[in-house]
1. Name the single residue that is surrounded by the most Cβ atoms within 10 Å (Cβ to Cβ) among those in the stretch 1-38 being among the acidic types (Asp, Glu) and modelled with pLDDT under 95.
2. Hey, can you tell me all the residues within the stretch 42-63 that are part of a strand (DSSP E or B) and open to solvent by 80 Å² or more (accessible area, probe 1.4 Å)?
3. Filter the stretch 27-41 down to residues that are out of contact with any Ser or Thr (no Cβ under 8 Å at 6 or more places or on another chain) and either part of a loop (DSSP other than H, G, I, E, B) or free of Cβ contacts under 8 Å to residues at least 12 places away in the same chain (or both), then give me how many there are.
Amino acid sequence: MQDANDQTPQLRENTNQNPELLTRDEVSRLLHVSISYVDSHMPDLPKLKLGRKVLFLKDDVLDWLYSHKQEGDKKCKSKTIISRRQNS
């Protein structure tokens, strides 16, 4: 608990004390995409810039990935294939 007279700013509580930092090469392996894909999506990816070095928090990259999740089409192609095979 913080004392009322304490003027020290409170840092955001971090439940993960040692977040995993990734390079762009590691992000490409994590996402199973090429490095050029990571480079082309760099403006959209959440990142930390330390001078000229760019690092990524693994949890932030995964959150970004899940935020781009798309639901599949309502029509299932496998059902169409199965029904065609049954009619043959």
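1. At the first step, the residues of the stretch 1-38 found to be among the acidic types (Asp, Glu) are 3, 6, 13, 20, 25-26.
Now narrow it down to the ones that are modelled with pLDDT under 95: 3, 6, 13, 20.
Details: Asp3: 7, Asp6: 9, Glu13: 5, Glu20: 12.
So the residue we want is Glu20.
2. Narrowing the stretch 42-63 to residues part of a strand (DSSP E or B): 48-50, 53-57.
Answer for the stretch 42-63, where residues must be part of a strand (DSSP E or B) and open to solvent by 80 Å² or more (accessible area, probe 1.4 Å): Lys49, Leu50, Lys53.
3. Here is the first cut: in the stretch 27-41, the residues out of contact with any Ser or Thr (no Cβ under 8 Å at 6 or more places or on another chain) are 27, 29-33, 36, 39-41.
Narrowing the set further to residues that are either part of a loop (DSSP other than H, G, I, E, B) or free of Cβ contacts under 8 Å to residues at least 12 places away in the same chain (or both) leaves 29, 32-33, 36, 40-41.
The number of residues fulfilling the criteria is 6.
The values are calculated or read from the model by the stated rules, or taken from the named source; none is laboratory data. What you see is a predicted model; the values in this text were computed from it and never measured. When we count neighbours, we look across all protein chains shown, and the Cβ atoms used for this are built from the backbone with ideal geometry, even at glycine. All accessible areas refer to the heavy atoms of the entire protein, side chains included, with ligands and DNA or RNA removed. Shrake-Rupley method; radii C 1.70, N 1.55, O 1.52, S 1.80 Å.
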